[in-house]
There are 2 protein chains.
Amino acid sequence: MELYFMGTNAGVPSLERNVTSLALRLLDERRSFWLFDCGEGTQHQILRSPLKLSKLECIFITHLHGDHLFGLPGLLSSRAYQGGDTPLALYGPPGLKKYVNTSLELSESRINYKLEIVEHEGGCLFEDATFRVESAKLDHRIASYGYRVIEKDLPGKLDTELLKKYGITPGPLYGKLKRGESILTPEGKHLQPADVLGQVKKGRVVTILGDTRPCPAEIPLAEGADALVHEATFLHDLAETAYTYHHSTARQAAEAAKEAGAKSLYLTHFSSRYKYEDQLQRLKQEAEEVFPSSRLAREHELYPILRSGE
Amino acid sequence: MELYFMGTNAGVPSLERNVTSLALRLLDERRSFWLFDCGEGTQHQILRSPLKLSKLECIFITHLHGDHLFGLPGLLSSRAYQGGDTPLALYGPPGLKKYVNTSLELSESRINYKLEIVEHEGGCLFEDATFRVESAKLDHRIASYGYRVIEKDLPGKLDTELLKKYGITPGPLYGKLKRGESILTPEGKHLQPADVLGQVKKGRVVTILGDTRPCPAEIPLAEGADALVHEATFLHDLAETAYTYHHSTARQAAEAAKEAGAKSLYLTHFSSRYKYEDQLQRLKQEAEEVFPSSRLAREHELYPILRSGE
Ligand SMILES: [Zn+2]
Ligand SMILES: [Zn+2]
């Protein structure tokens, strides 16, 4: 499980950074990746990345501002063009369906895979055996959502060496133990699951927030998250500007991470005014003063999300 | 007057080339530039070019396929963001207005300049003192148009040195000569305009065609053009594929240039399969065999359009 940022600039692309898009790479977990937002040029960034459009499984749009959205029709078309034929699910605020369908219909784009568009206003959006995704509304100029991606705990592994010693080989008795039932060994010993099961592998939580002013909804979304991705459009000396444009400062992002008890914070969505490395370092330092595990999101770097203790 | 290509690839962007967009730079002529098509990433290409979005005066869309269109909402938004406040005129086939308005409205993009969207099905689209633009429908899978940009002839300049010798200084008599009337010198000599006017400066013609199969409509559009920009999606060994997908081969582009008596041909809109330089050279050679003044359009190069004899 890795984060891979493809756009970290606010509002418009610059020579240094593209508009917002972020991949959550789930190669080990699902043999796929998920995309969060899709600013113009995201498909171009994917060409320069280790990602393959055909492996894209879900797209989550935080809000409909152009710098998070306008790369979507091109990406959907190119996925078909490049032979992506597995279903794709697209989640986002109301209006998304009209935007996508109008663009694809007027351009007569041929999408040869199943595209499911789910408009939502928060709640539990996705759940299967290994993942759940929850969403809640933030505080932005237009409806903007945060996403909490929850990996489910993996049960501990059976200690097959130990079982062999008790004379138990793979078969129905393995199944019983996995279901939590005790079994009887050939020697007549009662074996509890806990005796032969390793530790549960705790699932990870990644929280990716859309553009937002500081707001209470952030905290449950980010609670205890292994990684929190938060916009940091401005330095705190521009807190008023941030408020006016419905954005956060680096310090405010750090305060949210701290309050939520997140384990690490990724700052992104930087105003074009922060062009040079020393300016970006100031954003980082400002956040670190409040929340030491803060880092700057850099495009085209892979950030592994480790399990606690790994 | 210069051509500046920002996208020369067909269908999808590649690592080497972007999807279609072409600027006609009219700095000396109008202190502005015009854009023909606007594939995704055009605004990114403009960042890397000598062009300034605020100087963009007109956009002409040849057809609504995504690779010619999907960069438009982002470019229009960014022009406002970057302080472009002069009016902008946008021409293209029916459906363009719905596409642009849906994208801008759903994203709540703020366009602080006058944006006029003109849907057309060919004909004379633009005319002022110095330029005229005509359009006609080509033969593509969806409605696709070619544009003929006609620079008007510049009248010859008055020979002020000669007039001085006749005792005529700047004033109402200058105006009379420019309007084609004869005048009387202080010495009583009748002076005809032709006696004191230099040669007319012939206006140039630039023809930019959308995606098309070879078709009769190309010829009047490209007649005698100083520069013809023509798609050359395939080599002629794939003429059947070209026909199936409603495209042209390099040889067919050259045949159109030859038949129309164009002065130079720019090949563009190359299939992604032509990735390497030797493949592109084969496209060029194939065209040159029919029409020697053929060249490959290269992104981020300026091609001056000279007047005949310059
Ligand atoms: Zn926003
Ligand atoms: Zn086309």
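The values are calculated or read from the model by the stated rules, or taken from the named source; none is laboratory data. Note that the structure is a prediction, hence the values are computed from the model and not measured. Positions of Cβ are backbone-derived with ideal geometry, glycine not excepted, and every protein chain shown enters the neighbour counts. With ligands, DNA and RNA removed, areas are computed over all heavy atoms of the protein, side chains included. Shrake-Rupley method; radii C 1.70, N 1.55, O 1.52, S 1.80 Å.
Scanning the range B:15-44 for residues that are within 16 Å of ligand 2 (Cβ to nearest atom) and among the small types (Gly, Ala, Ser) yields a total of 2.
At the interface with chain A (Cβ under 9 Å from one of its Cβ atoms) and under 19 Å from the mean Cα position of the chain (by Cα): is that true of B:HIS68 in this structure? So B:HIS68 fits the description; yes. The set of residues from the range A:8-35 being more than 12 Å from chain B (Cβ to nearest Cβ) and either more than 18 Å from the chain's Cα centre (by Cα) or in a strand (DSSP E or B) (or both) comprises A:SER21, A:LEU22, A:ALA23, A:LEU24, A:ARG25, A:LEU26, A:SER32, A:PHE33, A:TRP34, A:LEU35. Does the range B:77-96 include one or more residues that are of a type in the set (A, V, I, L, M, F, W, C), out of contact with any Ser or Thr (no Cβ under 8 Å at 6 or more places or on another chain), within 25 Å of B:ALA222 (Cα to Cα) and away from chain A (no Cβ under 14 Å)? Scanning the range B:77-96 turns up at least one residue that is of a type in the set (A, V, I, L, M, F, W, C), out of contact with any Ser or Thr (no Cβ under 8 Å at 6 or more places or on another chain), within 25 Å of B:ALA222 (Cα to Cα) and away from chain A (no Cβ under 14 Å).
Quick one: count up the residues across the range B:17-52 that are farther than 16 Å from B:HIS300 by Cβ and open to solvent by 10 Å² or more (accessible area, probe 1.4 Å). Looking only at that region, the number is 5.
With respect to the conditions (1) more than 16 Å from ligand 1 (Cβ to nearest atom); (2) surrounded by fewer than 17 Cβ atoms within 10 Å (Cβ to Cβ); (3) not charged (D, E, K, R), A:SER78 falls short on a single one, namely (2).
Test B:ALA143 against the criterion of being in the same structural domain as B:VAL205 (by TED's automatic domain parsing) and in contact with a Pro (Cβ under 9 Å, 6 or more places away or on another chain), and give yes or no.
yes
Conditions tested, residue by residue: (1) touching an Asp or Glu at 6+ places or on another chain (Cβ under 8 Å); (2) crowded, with 24+ Cβ neighbours inside 10 Å.
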residue: A:PRO193; (1), (2): yes, no
residue: A:LEU197; (1), (2): yes, no
residue: A:LYS201; (1), (2): yes, no
residue: A:VAL205; (1), (2): yes, no
residue: A:ASP226; (1), (2): no, no
residue: A:ALA239; (1), (2): no, no
residue: A:SER248; (1), (2): yes, yes
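Number of residues in the range B:261-288 that are open to solvent by 10 Å² or more (accessible area, probe 1.4 Å) and at positive phi: the value is 1.
If only residues of the range B:106-124 that are under 12 Å from A:GLY66 (Cβ atoms) and more than 9 Å from every other protein chain (Cβ to nearest Cβ) are counted, the one that is nearest to ligand 1 (Cβ to nearest atom) is B:ARG110. The residues of the range A:276-294 that are touching a helix residue (DSSP H, G or I) at 6+ places or on another chain (Cβ under 7 Å) and without any contact (Cβ under 8 Å) to a residue 40 or more places away in the chain, listed by number, are A:VAL290, A:PHE291. None of B:GLU108, B:GLU121 is among the charged types (D, E, K, R), out of contact with any helix residue (DSSP H, G or I) (no Cβ under 6 Å at 6 or more places or on another chain), more than 24 Å from A:GLY95 (Cβ to Cβ) and more than 16 Å from ligand 2 (Cβ to nearest atom) except B:GLU121. Within the range A:23-33, can one find any residue that is under 16 Å from A:ILE117 (Cβ atoms), of a type outside the set (D, E, K, R) and assigned by TED's automatic domain parsing to the domain that holds A:GLY123? Within the range A:23-33 (the criterion being under 16 Å from A:ILE117 (Cβ atoms), of a type outside the set (D, E, K, R) and assigned by TED's automatic domain parsing to the domain that holds A:GLY123), the answer is no, since none of the residues qualifies. Inspect all residues belonging to the range A:142-159 and state whether any of them is touching a helix residue (DSSP H, G or I) at 6+ places or on another chain (Cβ under 6 Å), under 18 Å from A:CYS58 (Cβ atoms), within 14 Å of another protein chain (Cβ to nearest Cβ) and more than 16 Å from ligand 1 (Cβ to nearest atom). Checked the range A:142-159: no residue is touching a helix residue (DSSP H, G or I) at 6+ places or on another chain (Cβ under 6 Å), under 18 Å from A:CYS58 (Cβ atoms), within 14 Å of another protein chain (Cβ to nearest Cβ) and more than 16 Å from ligand 1 (Cβ to nearest atom). Looking across the range A:36-50, the residues that are within 7 Å of chain B (Cβ to nearest Cβ) and not in a loop (DSSP other than H, G, I, E, B) come down to A:GLN43, A:HIS44, A:LEU47.
Given the criteria surrounded by 16 or more Cβ atoms within 10 Å (Cβ to Cβ) and within 17 Å of the chain's Cα centre (by Cα), does B:LEU56 qualify?
yes
Being closer than 30 Å to B:LEU163 by Cα and either more than 16 Å from ligand 1 (Cβ to nearest atom) or among the hydroxyl-bearing types (Ser, Thr, Tyr) (or both), is that true of even one residue in the range B:212-229? No; the residues of the range B:212-229 include none that is closer than 30 Å to B:LEU163 by Cα and either more than 16 Å from ligand 1 (Cβ to nearest atom) or among the hydroxyl-bearing types (Ser, Thr, Tyr) (or both).
Residues that are more than 14 Å from chain B (Cβ to nearest Cβ) and under 15 Å from A:HIS269 (Cα atoms) were ranked within the range A:244-259; the one that is nearest to ligand 1 (Cβ to nearest atom) is A:HIS247. Of the strands (runs of 3 or more DSSP E) lying entirely inside the range B:102-184, those containing at least 2 residues that are open to solvent by less than 40 Å² (accessible area, probe 1.4 Å) and closer than 20 Å to B:HIS230 by Cα span B:131-137, B:145-151.
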